[in-house]
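What follows is one structure encoded as structure tokens, with my remarks underneath.
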């Protein structure tokens with residue numbers, strides 16, 4: 001189920017909307033610029049391939065602005081929505097765009113019948129775990145990880161991401177009706 005497109009935002013406001021297919025090539029530079037913040041805290045993550053250049057197919061991509069200044073890349077994982085990447089250009093940070101993108105993902109997931117949204121992130125990096133907790137996510141105990149979440153965490157460990165701090169799996173319940181079978185996508 002693809003939501004209706006909202007009215008245009010007033011000038012100067014970065015409206016959150018579904019990405020156009022011809023905009024996906026613009027997302028890699030956003031992800032790299034946003035990732036540079038990790039350099040400031042001693043994390044060297046720049047070797048990571050941007051998700052938008054990975055060849056992976058999203059279920060849906062939400063963007064903020066035209067042209068995009070931020071995005072949320074959502075994939076399907078074990079029958080649920082998984083927020084694989086959230087990135088906002090640093091010069092547009094702290095303006096509520098990340099929170100608006102997360103809200104769009106959660107609303108989309110609920111409308112598509114998904115009961116939850118999952119993600120993997122750093123527990124203690126302020127714009128990671130604490131940010132997502134403020135957006136309604138909770139740490140998901142390992143015993144509740146799906147096979148796909150376990151596979152992501154293994155890949156993260158192999159890539160050395162755990163050397164930078166504790167990584168966690170988080171989840172946020174949606175307002176999807178229990179037992180819903182709709183599985184939307186784009």
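Points worth noting:
- In the range 77-98, residue surrounded by the most Cβ atoms within 10 Å (Cβ to Cβ) [restricted to those that are assigned to a helix (DSSP H, G or I) and over 10 Å from the mean Cα position of the chain (by Cα)]: 97
- From 150, 154, residue being assigned to a helix (DSSP H, G or I), surrounded by fewer than 14 Cβ atoms within 10 Å (Cβ to Cβ) and modelled with pLDDT of 95 or more: 150
- Filter result for residue 37 (surrounded by fewer than 19 Cβ atoms within 10 Å (Cβ to Cβ), modelled with pLDDT under 95 and either in a loop (DSSP other than H, G, I, E, B) or in contact with a strand residue (DSSP E or B) (Cβ under 8 Å, 6 or more places away or on another chain) (or both)): no
- Qualifying position, being modelled with pLDDT of 95 or more and in a loop (DSSP other than H, G, I, E, B), among 131, 114: 114
- Filter pass, residue 101 being surrounded by fewer than 19 Cβ atoms within 10 Å (Cβ to Cβ), within 13 Å of the chain's Cα centre (by Cα) and either farther than 29 Å from residue 145 by Cα or at pLDDT 95 or above (or both): no
The values are calculated or read from the model by the stated rules, or taken from the named source; none is laboratory data. Bear in mind that the values here come from a model prediction, so they are computed numbers and not experimental data. As a convention, Cβ positions derive from the backbone with ideal geometry for all residues, glycine included, and neighbour counts pool all protein chains shown.
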